[in-house]
Amino acid sequence: MVRTEKISVAMISYNGKKYIKEQLDSIFFQLETQDEVIVSDDGSNDGTLNILEKYQKTEPRLRVIKGPQRGIKKNVENALKHCKGDIIFLADQDDIWKPNKVERVLQVMKEQNGALVIHDAEVFHDNPKEITMESFLTFRNAGAGVWKNIWKNGYIGCCMAFRKEVLEKVLPIPDSIEMHDQWIGILSDFYFGKSVFLKEALLSYRRHGENSSAMKHYGIPKMIRNRVVFLLRFLGRILHIC
């Protein structure tokens, strides 16, 4: 059956020349003609833009836009603002999508009538065939629920896809919160019901020096501060204060 829904893939890039072509190849392999990939580049100076420009010459579905250079959250927001699809996938520049990722996510989203789906990921360092962690969701003790994820975030942006109705609730993303994926997941849970957690690894998550913070815990003072700030911004948004 021909898919009529349009997919937007929102990716941010910054000095990702080592990995970005492999990731784009894994994404475009499973997209259709009506889909799009939006890459918001935040000032790369390592040749990433050259790679993207070459890719655009043969791939009209790729759109590269200039990032705001105000940090990761605002770069994600910039990419999301340009998405025109019915369903939006978040993507990092350095991971690798499994060949059935889009098909499975859309299937589960339809079967369970979910507004947001988050799937599992396997973790590797240098070689995608040498897996160092089988389940990122298990590592994060991930699951749906507003208060659960305010206390301990289980949302992983690169594993998320959501309907455009969610996007209307999450933008703009507050500057003061720590993580955009937590913001998107919790607001989706609040407005549209619990998100669907799919215990299938549909992504190879590349761990290296630039992204290793995703695997670490902050100190207690910062953890408390992050929770308080997030709660205040969350309450402000749902009460239409900010």
Restricted to the stretch 10-60 and to residues being touching a Lys or Arg at 6+ places or on another chain (Cβ under 9 Å) and β-branched (Val, Ile, Thr), the residue surrounded by the fewest Cβ atoms within 10 Å (Cβ to Cβ) is Thr33
Has the stretch 181-193 got any residue that is at pLDDT 95 or above, among the polar types (S, T, N, Q) and either within 22 Å of Val9 (Cα to Cα) or not in a helix (DSSP H, G or I) (or both)? yes
Can you say whether Ser13 is closer than 23 Å to Phe162 by Cα and in contact with a Gly (Cβ under 6 Å, 6 or more places away or on another chain), as far as the supplied structure shows? no
Note on the stretch 99-114: residues in a loop (DSSP other than H, G, I, E, B) and surrounded by 15 or more Cβ atoms within 10 Å (Cβ to Cβ) are Gly114
For helices (runs of 4 or more DSSP H) lying entirely in the stretch 115-173, having 1 or more residues that are touching a residue at least 60 places away in the same chain (Cβ under 8 Å) and either touching a strand residue (DSSP E or B) at 6+ places or on another chain (Cβ under 7 Å) or under 13 Å from Leu90 (Cβ atoms) (or both) picks out 136-140, 164-170
### Query
In this structure, does Ala10 turn out to be outside any helix (DSSP H, G or I) and touching a residue at least 60 places away in the same chain (Cβ under 8 Å)?
yes
(Q) Just to be sure before I move on: is Lys74 farther than 23 Å from Lys164 by Cβ and not in a strand (DSSP E or B) in the structure I sent? (A) no
Exception for Ile220 within (1) aliphatic (A, V, I, L, M); (2) at pLDDT below 95; (3) touching a helix residue (DSSP H, G or I) at 6+ places or on another chain (Cβ under 6 Å) falls at (3)
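The values are calculated or read from the model by the stated rules, or taken from the named source; none is laboratory data. Keep in mind that what you see is a predicted model, and the values were worked out from it rather than measured. Note that each Cβ is placed from the backbone with ideal geometry, even for glycine, and that neighbours are counted across all protein chains shown.
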